[in-house]
Amino acid sequence: MLHFYLGKNKEIEYCFNVETSEPLSSSELAILRQLLADGFVSESISSTPSNHGGSDVVELGPRMNFATAYSTNLVAICQTCGLEKVVRIERSRRYPLSPKTDKARFVREHHDRMTECLYPEPLKTFETGLLPESVFVIPMMEKGPNALMEVPGLAMDEWDRNLYFDYFVKEEGRNPTIVEIRDLDNANSEHSRHGYFKGKQIINGVVMPETLMEIVQSTLRTNPSNSISAFRDNSSAIKGYDCWTIIPEKPGKPSPFVKKNFTYHIIFTAETHNFPTGVAPFPGAETGTGGRIRDIQAMGKGGLVITGTAGYCVANLLIPGYDLPWENKGFPYPSSLATPLAIEIRASDGASDYGNKFGEPVILGFTRSFDQRLPNNERWAWIKPIMFTGGVGQVDALHIKKGEAEKGMLIVQIGGPAYGIGIGGGSASSKLQGENEEDLDFNAVQRGDAEMEQKMNRVIRACIEMGENNPIVSIHDQGAGGPANVLKELVEKTGGRIELRRIKLGDSTLSVLKIWIAEYQERCGLLIASSRIDGFKSICEREKVNCEVLGEVTGDGRFIVHDEQDDSTPVNLDLGKVLGNMPQKTFKDERIDRLQEPFELPQGVSVEGALYRVLHNLAVGSKRFLTNKVDRSVTGLIARQQCCGPLQLTVSDVAVIAQSHFGLTGAATSIGEQPIKMLVNPEAGARMAVAEALTNIVWAQISGLEDVKCSANWMWAPKLPGEGAALYDAACAMRDLMIQLGVAVDRGKDSLSMATRVGDEIVKSPRELVISAYATMPDITKVVTPDIKRPGQSELVFLDLSSRRVRLGGSVLAQVYSQLGNESPDVDNPKTFKRAFLAVQKLISENLILAGHDVSDGGIITTFLEMAFAGNCGLEIGMDGPWSPGERLFSEELGLVFECGFRDTRKVFEILATFNLYPTTIGRTTEEKKILVTYNSKVVLKADMPILRQWWEDTSYQIERLQMNPECADEERKNIFERTGPKYNVSFEPKLTLAHILETTRKFEVAILREEGSNGDREMTSVFYQAGFKPWDVTMTDLISGRTTLEQFRGLVAVGGFSYADVPESAKGWAATIRFNERLKKMFEDFYKRPDTFSLGVCNGCQLFALLGWVPWFDLPDEKQPRFVQNLSRRFESRWVTVKIQESPAMMFKGMADSVLGVWVAHGEGRLYFPDTTLMDEVIAKKLVPMVFVDDKSQVDGVVSENYPFNPNGSPFGITGLCSPDGRHLAIMPHPERAFLKWQWPWMPEYLEKKLEASPWLQMFQNARDWCNQAR
């Protein structure tokens, strides 16, 4: 084994542990050293470790039993560069310790115990010495059903044990293998089969007339409307629109993009990954996200992924040094689970990182913290947390239904190799946390590889874009239960035979059992006709995805797994008997009347004092710590995400996506959930969850209220006393309200083991129903956001939907004073609510609402304050009523607040009156940033808006300090306190591309080049198409294999993303592939030097161009070459920033100098590093810096910003782009291709919106076309 050492700073040194099949030659070693070095500077890496002054050194790194995703990517890079002898490379971390450091504690706090371990000495081998366990039988013939009780970790109850005794012993006349038992434990677990929702419910001795499943599905039977697919596939679908987009002319091959018409239906899915996230937050959340993405991919014959949503619920945060008075510091937490604070940070890290690398933006979400002992002495807390993930996609109408399995069809799997991870996850998720042995919980957690899933997505997308020639007959994703579940699902009605050893292994020590049931991720199972398999394999080869033809459909109803190694059959099942219509289970419960105490605000508490606490509550305060680290712009299909207004604050109610870059049809989605109110009254809480989803989606003009469909995700512990009855009552309440409103549930999931054993106590997680509403939109630009638009020229109107009630039960106000309350807000008048929804839709259609926000967590005071925070202005509010100020302002009763221009208020009132609705004007907006609130003519709050906004930001800021460079967090807190907002300047007149240019058949060809892990290619393709080019889909494998070359192209565009998952650093593998392949190196250099060519590198492509030496000019030595390194914040940054276009030779910016524009950034390594600072001075002097970050004062004095977050990565002088001296080659970190349409801008001043015909960023690409015309 080889070892190479790379010092990053005084605190840490990396060690690369390299395993090879045989010794490397000197030339191979030289390449390897450059691959592992900083940049390509060989001298930065050493074969000997640093001495660290003789300090004791702790080395932590990956466990031995399987290769990490890091190793997989790095080995792939090595092999592409000709280093085929490299088998595995794992990176460990070496920390020098001071003599005073507690070594054991340091080790405990600095590694992930699930994936990492301590290296007591330098590694000598990755071999573990483990041998695969043999298959054995369970002696049920000898010991009866209870023989299964001797198998640790099973989730089977007595009913299950008797069922399998009857099948195996009485019918099959044999003992089952351990493989079959583990297989069925997962396949028929509550997690997989939803036996509770389908079961008979007996409450208070009375048999309920419907099952929970029937209750939920009755909403759709009553209100089917636009439903296309429901309760039967991996995702649900509603009727979409006819639209057009561009796709490769020959999907799966290098080819130009061509225009094509489609009928795309909108699809939605939602999942939770609660159990794994509690045990190991980062991998638990990333694999939850990955699994949900595969549910979109596996819709029908293949679905298209667009966007995601996310939610996290945890117990008390207990942030060190930050006191939240309502948090009980003395509550115990189990050692088997991560701390709530760690879950909040690391779970959101995992989900964000996965989406960032896959290329799926997260554009909506929620988070809560709750841990309270109620007056009846019950403790309710999210010790078992919630990790929620939802997703919106679309499916071609041709592919909405899966094809039927037919005898002779091939059973195929694509994706990553098999590892011994996620053992029994479906089973473990069906048990209360703490019932399992800790090691079994640990084994049940999976690990994710977003890079692999993204490559698999490319294969599926290519098949989808073949339209009627799609080779996929049926597709299912691999999740709970591993191959055992997914492959049986493909052939459930027909049977099939599998050759186990055709599954590619990533761990040679895997037993048959682990190969078959382990939940290794990033895999899908497919049925493909034998006549189409060769073409399918070629697509997989192009995208570098493993393709396994495992077996075929038999048609005999049996499912057989054959092991070629010993000619055994570890699985041989009659599918109709083990997966058919399983007998219905019966569940009994009694209603428990848990009388709660009324909420009482402590004596002497002022509105300001109560507000201080409420704004610091996690559910109410800023979610900046979540949104700043997750990509919200990738795909270029995002019309509305979490942030809005000039300051991009996290107050949006609804998310909106487009179906195409070439039209305005799309979809809106929103979330409603009110778990704390469910503790007071489960029925009221369920109704309020539905209502919240609708008062959020109402701000987008949808195709109709009847077109709203919902995913209902239940997180409960119904097998505990009283909780089954509470769940049943909540489901009935949800059903009744939905039917009255005309909306429906079309899919859902349940997680019904939401409790944790803590010592001798069972702690229940708060009852939760997450309603994800989604609906189609004929025009995605018709959206109202909460940020006040016209300070000083508008007033606020309040539409009270509560029948003048002010109940405080389950409110944030009650929580922050360690109470619950006894009476929850409710939907008292569904007819009024429905009229209000329709009325607001009418007002939006007539452009009468400037801003709008619903009343929810924190009450109406939070509603109008968030509108002012986001609008960066003040308010003068006057309300009255018979209640106390605290009741009126903090009650979370249903209501809507909207901003209207002074001239429009009368018209708004007239329209609302036609709906029998009578709002009140509650105040006016002011330019002065002061908040004045009077109640019954008495001043109850008088404060500076920035002070209140900082209270609202405080908890997010404290979390930020723990998940990033704390100095950057401190700087952001200071710099955003009194922002003025960006001042844009467009120094030219943007125009749409003329029709005759778009319609001509003679266009300049541009290669949109992608490597594995690239994810920004489709939006880049669209903007070049929209500028009049003929863009081509070209992969690095196309160039390597010779399927195409660069000779025919005038333009070369390297797109954004995470090539090789940023291993070993951003774009390093992509650059190495070119640098160390002589043919490719010459091809790229020839293209660069041709005088009639241009190139653009964006984000990952920008990093590539720097590492190739294309900017600032060619042939700089590696030790002087500028490159892009980790952001100063030490994390991925997703921001809508302001940049200034400077005078430069860059031809793509011709005529755009002095423009100050908003643009998206989304990168983790965007800080420009000049090893030679004199070179930086020369670059600036030669005006080779075409784009810089600027702050809010940019238009006045041209200040170039180095202040965070205006400069999100810390580049010197705000530099975020370089060009070549002749202006033909341009590298920039921001993403203009995600803002080339006006609706892609998350904020644009009203005057600019009205003035501009087109987005200013389109000009860049039109300039490139004009240049090509002139450089013929």
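Values in this text are rule-based calculations from the coordinates and carry no lab data. The shown structure was predicted, so the numbers you read here are calculated from the model rather than taken from an experiment. All Cβ positions, even for glycine, are placed from backbone atoms using ideal geometry, and neighbour counts span all protein chains on display.
Is the shape of the chain best called rounded, prolate or oblate, per the rule: a/c under 1.5 gives rounded, else a/b larger than b/c gives prolate, else oblate, with a ≥ b ≥ c the square roots of the Cα gyration tensor eigenvalues? The shape class here is rounded. Would you compute, from DSSP H runs of 4+ residues alone, the mean residue ellipticity of the chain at 222 nm, taking -39500 (n - 2.57) per run and dividing by the full residue count, rounded to the nearest 500? Result for the chain, helices only: -8500 deg cm²/dmol.
Here the chain is assigned +1 on the Cβ of each Lys and Arg and -1 on the Cβ of each Asp and Glu. Its dipole about the Cα centre then comes out at about 2340 debye. With only the Cα atoms considered, the range 1009-1051 has a convex hull volume of 62 Å³ per residue. Lys-Lys pairs in the range 2-118 that are eight or more residues apart or on separate chains and whose Cα atoms lie under 26 Å of each other come to 4. Just so you know, the Cα atoms of the range 995-1270 work out to an Rg and Dmax of 17.5, 53 Å. Estimated at 0.36 nm per residue, the fully extended path between SER803 and ASP1222 surpasses their Cα-Cα distance by 143.9 nm.
Exposure proxy ranking for TRP1113, TRP244, TRP952, based on other Cβ atoms within 10 angstrom of each Cβ and starting from the fewest, stands as TRP244, TRP1113, TRP952. Taking a point 7 Å out from the Cα of GLU43 in the direction of its Cβ, the residues of the range 1118-1140 whose backbone N falls within less than 16 Å of it are 1118-1122. For the range 613-768, the average shadow cast by the Cα convex hull is 11.9 nm², which is a quarter of the hull's surface. The packing ranking of peptides 1037-1044, 749-756, 65-72, 345-352, highest mean first, is 345-352, 749-756, 65-72, 1037-1044, where packing means the average number of other beta carbon atoms within 10 angstrom of each residue.
Loop-located trypsin sites (Lys or Arg not before Pro) in the range 754-814 (DSSP state not H, G, I, E or B) with no more than 12 neighbouring Cβ atoms inside 10 Å: ARG804.
Of the GluC sites (Glu not before Pro) in the range 1213-1272, the ones in a loop by DSSP (not H, G, I, E or B) with at most 11 other beta carbons within 10 Å are GLU1253. Farthest toward the positive end of the dipole of the range 2-118, out of VAL75, VAL107, PRO62, is the Cα of VAL107, where the dipole comes from beta carbon charges about the Cα centre. Cross-link partners of LYS1082 among aspartates and glutamates, defined as those whose alpha carbon lies under 15 angstrom from its own and excluding same-chain residues fewer than eight positions apart: GLU1047, ASP1115.
Under 21 Å of direct C-alpha separation, and excluding same-chain neighbours fewer than eight residues apart, LYS1193 reaches these lysines: LYS789, LYS929, LYS974, LYS983, LYS1140. Among 384-391, 161-168, sorting by the average number of other beta carbon atoms lying within 10 angstrom of each residue, highest first, gives 384-391, 161-168. Across the range 346-387, how large is the tail of the calculated P(r) beyond 16 Å, expressed as a percent of all Cα pairs? In whole percent, the long-distance tail amounts to 53. The distance separating the Cα centre of the range 216-277 from that of the range 569-612 comes to 30 Å. Put a plus charge on the Cβ of each Lys and Arg, a minus charge on the Cβ of each Asp and Glu, and nothing anywhere else: the dipole of the range 607-975 about its Cα centre is then about 360 debye. The range 968-1044 and the range 454-486 have Cα centres separated by 28 Å. For the range 1143-1162 and the range 677-703, what is the centre-to-centre distance using only Cα atoms, to the nearest Å? Cα centres, the range 1143-1162 to the range 677-703: 44 Å.
Straight-distance candidates among the lysines for linking to LYS260, with alpha-carbon spacing under 21 Å and chain neighbours fewer than 8 residues away dropped: LYS239, LYS250, LYS301, LYS1003, LYS1030. Sites listed here are GluC sites (Glu not before Pro) in the range 540-598 whose DSSP assignment is loop and whose Cβ has at most 13 other Cβ atoms within 10 Å: GLU564, GLU590. Considering only Cα atoms, the convex hull volume of the range 2-118 works out to 109 Å³ per residue.
Can you tell me the dipole magnitude for the range 2-118 around its Cα centre, using point charges on the Cβ only (Lys, Arg +1; Asp, Glu -1), in Debye to the nearest 20?
Working: 14 positive and 15 negative charges, 74 e Å.
So the magnitude is around 360 debye.
Neighbour counts of C-beta atoms inside 10 Å place THR289, THR635 in the sequence THR635, THR289, starting with the fewest. Overall size of the range 210-282 from C-alpha positions, given as principal axis extents largest first: 53, 42, 14 Å. Computed packing ranks the peptides 740-747, 1081-1088 as 740-747, 1081-1088, most packed first, by mean other Cβ atoms within 10 Å. Overall shape: prolate for the range 1175-1228, with the ratio a/c of the largest to smallest alpha carbon gyration tensor axis at 1.5 or above and a/b above b/c.
In terms of the Cα gyration tensor, with a ≥ b ≥ c the square roots of its eigenvalues, is the range 546-675 rounded because a/c is under 1.5, prolate because a/b exceeds b/c, or oblate? Could the numbers behind the result be given before it?
Numbers: a/c = 3.16, a/b = 1.58, b/c = 1.99.
Taking the square roots of the gyration eigenvalues as a ≥ b ≥ c, the range 546-675 is oblate.
Ranked by how many other Cβ atoms sit within 10 Å of their own Cβ, fewest first, the residues TRP159, TRP1243, TRP1160 fall in the order TRP159, TRP1243, TRP1160.
Relative to the present Cα-Cα distance, how much length would full extension add between SER531 and GLU406 at 0.36 nm per residue of separation?
Numbers: separation 125, 0.36 × 125 = 45.00 nm, distance 1.34 nm.
Between SER531 and GLU406, full extension yields an extra 43.7 nm.
Close amide H partners of VAL571, meaning residues 5 or more places away or on another chain with modelled amide H under 5 Å apart, are VAL561.
Relative to the current alpha-carbon distance between GLU210 and LYS10, full extension at 0.36 nm per residue lengthens the span by 65.5 nm. Projecting the Cα atoms of TYR119, ASN9, GLY355 onto the dipole axis of the chain, where Lys and Arg carry +1 and Asp and Glu carry -1 at the beta carbon, places GLY355 farthest toward the positive end.
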